[in-house]
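Colleague: Below: one structure in structure tokens.
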Amino acid sequence: MDAAELREVLSPEGLRLLDSLPAYGSRDDVVRTVSELRAAGHPPAMVAAVLNQSRLRGRAAAKFGPFAARMLFTEAGLEQATRLSVASLHAGRFRSAGATRIADLGCGIGADSLALAGLDLGVLAVERDEVTAAVAAYNLAPWPAVTVENSDATSVDLSSVDAAWLDPARRNERGRLHDPSDWSPSLDFAFGLAEHMPVGVKLGPGIDRDLIPADAEAQWISVDRDVVELGVWMGAVARPGIRRAALVIGQHGAAELTGGADSDDVEVGDLGPYLYEPDGAVIRARLIGDLARAIGGRMVSPGIAYVTADDPVDTPFASRFRIVDRFALDERKLKKELAARGIGTLEIKKRGVDIDPALFRKKMALKGDGSATLFLTRIADRHTALLAVRD
């Protein structure tokens, strides 16, 4: 979104028109809506702007629920915004730590600020991009305790706050920025604030772990098995004795596995009747060993994040599969076996082997009504295929 598009949306006519639109539908629905709005005399630029916002609101419902219907978005802002369910957990940390006014530095469209304000906390929301700051100001207008400032996070006056939350921008107009010193604000600046106040920093889950301060709590969060972020917590917002955490959010609610450090893997053992695939947050936090001990499991191979066990144990921290058969990783033999079993729908997972699952699936020429999961991995230094079903 550019400034001209924002002006169209923020005009009284634009906002009324946006709120009057039905849910964003199919291409045919959109074409019909455009024709109707143009016929009603609405300017083309306004029609394009409000329809784009309608589209973004539809996408945003997955992150913001009913709040999305009264918010504005930019494409990049929505993509990078924290899910409201996760932002609420961030906000709870600050409230539990006794913070009363928090600086949200790099607030984007205002997701975390919204959650902080929802807990009656004061917020100084800072965003460098002018259009995005204006969108944040609109989204946060219902909360009088929130101040939105269009400024650089590194130069804003923080004397009025007692804690800070940062989501450094890791992209620019040319693409992803790999050097943390090029982020906005830089990682050194973000971590340096912890010398003065409690600080939380949102980072990508795949960040180089060597960059995480030794005295910080690192919490990886997954939502519906998708690892969405790494939160690095320092000062009073970090929990005593916890350096690694995996928070898993799903239909079961929220469950967390924590440790004072990376956990040691359990011993490698014989393949049992069950295979457990740890949640990505557990893998990122390197707490696979603690998970394996909790379910009475053992590793299938050194350095490979699959756990096997003799008994079916319910856990939110891993997906469980019942092993149906075991084969050498031979394409021709596997193709025959899958055909003989009538498997037409195949989920392929791999660890420890250099195989493209999409290309491998194509080679299997699948036919039939059956479904299964195929694990391609190494066991006892041999490339192995495990045919399994979700248990």
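The values are calculated or read from the model by the stated rules, or taken from the named source; none is laboratory data. Small disclaimer: the values here were computed from a predicted structure and weren't measured. All Cβ positions, even for glycine, are placed from backbone atoms using ideal geometry, and neighbour counts span all protein chains on display. Note: accessible area is taken over every heavy atom of the protein model, side chains too, but ligands, DNA and RNA are not part of it. Shrake-Rupley method; radii C 1.70, N 1.55, O 1.52, S 1.80 Å.
Colleague: Kindly provide the helix-only [θ] at 222 nm of the chain, computed as the sum of -39,500 (n - 2.57) over DSSP H runs of four or more divided by all residues, to the nearest 500 deg cm²/dmol?
Modeller: -9500 deg cm²/dmol
Colleague: Give the angle, between 0 and 90 degrees and rounded to the nearest 10, that separates the Cα long axis of helix 27-39 from the longest principal axis of the Cα atoms of the chain.
Modeller: Once rounded, one gets 10 degrees.
Colleague: While we're looking at this one, here's another question. What percent does the relative contact order of segment 100-160 come to when contacts are Cα pairs within less than 8 Å and at least six residues apart?
Modeller: Reported relative contact order: 37 percent.
Colleague: Below 27 Å Cα-Cα, how many Lys pairs turn up in the chain? Only count pairs eight or more apart in sequence, or on different chains, if you could.
Modeller: 22
Colleague: Loop sites only, by DSSP: take the GluC sites (Glu not before Pro) in the chain that have at most 16 other C-beta atoms within 10 Å and name the longest stretch containing none of them.
Modeller: Details: sites that count: Glu173, Glu267.
No qualifying site falls inside 1-172, the longest such stretch.
Colleague: Using a Gaussian network model of the chain with C-alpha springs under 10 Å, which one of Ala169, Ala218, Ala328 is most mobile by mean-square fluctuation?
Modeller: Ala328
Colleague: If you build a Gaussian network model of the chain, linking Cα atoms that sit under 10 Å apart, which residue out of Val146, Val30, Val126 swings the most?
Modeller: Ranking Val146, Val30, Val126 by mean-square fluctuation puts Val30 first.
Colleague: Additional query: Taking the Cα centre of the chain as the origin, how large is its charge dipole in debye, to the nearest 20, when only Lys and Arg (+1) and Asp and Glu (-1) carry charge on their Cβ atoms? Walk me through the numbers on the way to the answer.
Modeller: On the way: 47 positive and 55 negative charges, 332 e Å.
Rounded to the nearest 20 debye, it is 1600 debye.
Colleague: Considering Cα pairs under 8 angstrom that are at least six residues apart, work out the relative contact order of segment 46-182 and quote it in whole percent. Provide the component values of the computation, followed by the final result.
Modeller: Numbers: 213 pairs, mean separation 29.5, N = 137.
Across segment 46-182, relative contact order equals 22 percent.
Colleague: Roughly how many whole Å is it from the C-alpha centroid of segment 193-263 to that of segment 365-391?
Modeller: 33
Colleague: How many percent of all Cα-Cα pairs in segment 71-121 sit more than 16 Å apart? Don't jump to the answer; show the numbers that get you there.
Modeller: Details: 454 of 1275 pairs.
I get 36 percent for the Cα pairs in segment 71-121 exceeding 16 Å.
Colleague: Here are a few candidate values for P(r) over Cα pairs in 20 Å bins from 0, in percent: [x] 24, 45, 29, 2; [y] 21, 42, 29, 7, 0; [z] 25, 57, 14, 3, 0. Which one was actually calculated from the structure I just gave you?
Modeller: Answer label, from the structure shown: [x].
Colleague: Over the chain, what relative contact order in percent results from Cα pairs under 8 Å that are six or more residues apart?
Modeller: It rounds to 8 percent for the chain.
Colleague: Also, quick follow-up: Would you work out which of Gly92, Ser301, Met46 lies farthest towards the positive end of the dipole of the chain? Charges go on Cβ: Lys and Arg +1, Asp and Glu -1.
Modeller: My answer, from the dipole projection, is Ser301.
Colleague: What accessible area per residue, rounded to a whole number of Å², is obtained for the chain using a probe radius of 1.4 Å?
Modeller: Result: 48 Å² per residue.
Colleague: Moving on. Where the accessible area of the chain is counted over protein heavy atoms with a 1.4 Å probe, how much of it, in %, is carbon and sulfur?
Modeller: 48
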